[in-house]
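Here's the structure we're looking at; comments come further down.
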Amino acid sequence: MNDTATPQSVVILISGRGSNMLALIEQSRRAGSPYAVRAVFSDRAAAPGLKAARDLNVPATALTAQPHADRATYDRELAAAIREHNPALLVLAGFMRILSHEFVDAFAGRILNIHPSLLPKYPGLHTHRRALEAGESEHGATVHFVTAQLDAGPAILQSRVRVAPDDTETTLAARVQAEEHRVYPLAVQWFCDGRLLCADGQAWLDGRALREPVQYADLGSAPS
């Protein structure tokens with residue numbers, strides 16, 4: 001457990017509205033939270049989430065790629081900006097750039113992402129459409145550690161939703177996103193409390209290797 005009275009520093013990366021970012025900031029301001037969001041960065045200057053973060057007095061900066069700059073150059077600049085905040089954890093919240101191997105290695109074991117599917121199903125984009133087209137009876141979201149392979153890092157926590165016969169991409173996405181706002185702050189809390197770590201290519205919670213992700217529904221009405 002994290003015994004220090006000082007909350008762990010968290011930096012969030014966004015590309016859009018930042019709805020998960022807002023859920024994380026809200027949770028961080030509750031009494032006894034083990035983390036504080038110290039900065040938000042976006043690869044898109046027009047990302048609405050930047051203003052939303054600033055309105056909550058969280059420093060928020062657009063760091064856009066320069067014309068003709070390669071991915072490695074951008075990632076080095078981003079990593080340098082992040083390090084100024086000495087984060088214990090880096091959280092991707094709708095960050096749409098694919099990070100280089102070098103960037104992931106620089107923060108190995110300290111990057112979380114949330115993906116809108118029940119991984120390993122439907123990595124990549126358009127997950128809700130693909131789930132509907134496949135006739136899935138359930139769908140959901142997965143929190144996982146980030147590795148160099150897209151959406152393939154060790155899974156930590158999942159929440160599931162039923163797929164209704166009349167669901168559209170929009171209605172299904174809305175229900176999944178509501179679950180994201182529950183599970184993502186919880187996983188961040190686990191990490192910053194010292195309960196969650198990534199080692200030997202696996203996620204570990206309370207000293208136990210997770211062979212399967214924890215199911216949010218199994219945690220009861222008051223997960224901790």
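Values quoted throughout were computed directly from the atomic coordinates according to the rules given, and no laboratory measurement underlies them. Predicted, not measured: the structure shown is a model, and the values here were computed from it. A quick note on method: Cβ atoms are made from the backbone with ideal geometry, for glycine too, and the neighbour counts reach across all protein chains shown.
How do SER28, SER100, SER137 line up, fewest other C-beta atoms within 10 Å first? Walk me through the intermediate numbers first.
Details: SER28 22, SER100 19, SER137 9.
Neighbour counts put them in this order, fewest first: SER137, SER100, SER28.
What FRET efficiency comes out for the pair ALA46/ALA108, r = Cβ-Cβ distance, R0 = 22 Å, nearest 0.05? Working shown, then result.
On the way: r = 31 Å, r/R0 = 1.41.
The value I calculate is 0.10.
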222 nm mean residue ellipticity, helices alone, for the chain (DSSP H n ≥ 4; -39,500 (n - 2.57); rounded to 500): -9500 deg cm²/dmol
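Nearest 20 debye, what's the magnitude of the dipole of the chain about its Cα centre given +1 on Lys and Arg Cβ and -1 on Asp and Glu Cβ?
Values: 22 positive and 24 negative charges, 80 e Å.
Dipole about the Cα centre, nearest 20: 380 debye.
Where both residues lie in the range 1-115, what percent of DSSP beta bridges are antiparallel, nearest 5?
Values: 0 of 17 bridges.
Given both bridge residues lie in the range 1-115, the antiparallel proportion sits at roughly 0 percent.
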Looking at the chain as a GNM with Cα springs under 10 Å, which of VAL176, VAL161, VAL11 has the largest mean-square fluctuation? VAL161
If you build a Gaussian network model of the chain, linking Cα atoms that sit under 10 Å apart, which residue out of ARG30, ARG110, ARG97 swings the most? ARG30
Theoretical gain in end-to-end length, ASP206 to THR73 [0.36 nm per residue, Cα-Cα removed]: 44.1 nm
Label-point gap, in nm, between ARG129 and ALA81 - each point 7 angstrom along Cα→Cβ: 3.0
For the pair ALA199/ALA152, report the inter-label distance in nm, with labels modelled 7 Å from Cα in the Cβ direction. 2.5
Residue of SER15, SER159, SER33 that the Gaussian network model of the chain assigns the largest fluctuation, springs spanning Cα pairs under 10 Å: SER33
Toy charge model, Lys and Arg Cβ at +1, Asp and Glu Cβ at -1: the range 31-143 dipole around Cα centroid in debye, rounded to 20, equals 180
Ranking ALA72, ALA60, ALA88 by how far each Cα lies towards the positive end of the charge dipole of the chain (+1 on Lys and Arg Cβ, -1 on Asp and Glu Cβ), the top one is ALA60
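Evaluate the range 82-203: find the radius of gyration of its Cα atoms, find its Kirkwood radius, and give the ratio Rg to Rh.
0.99
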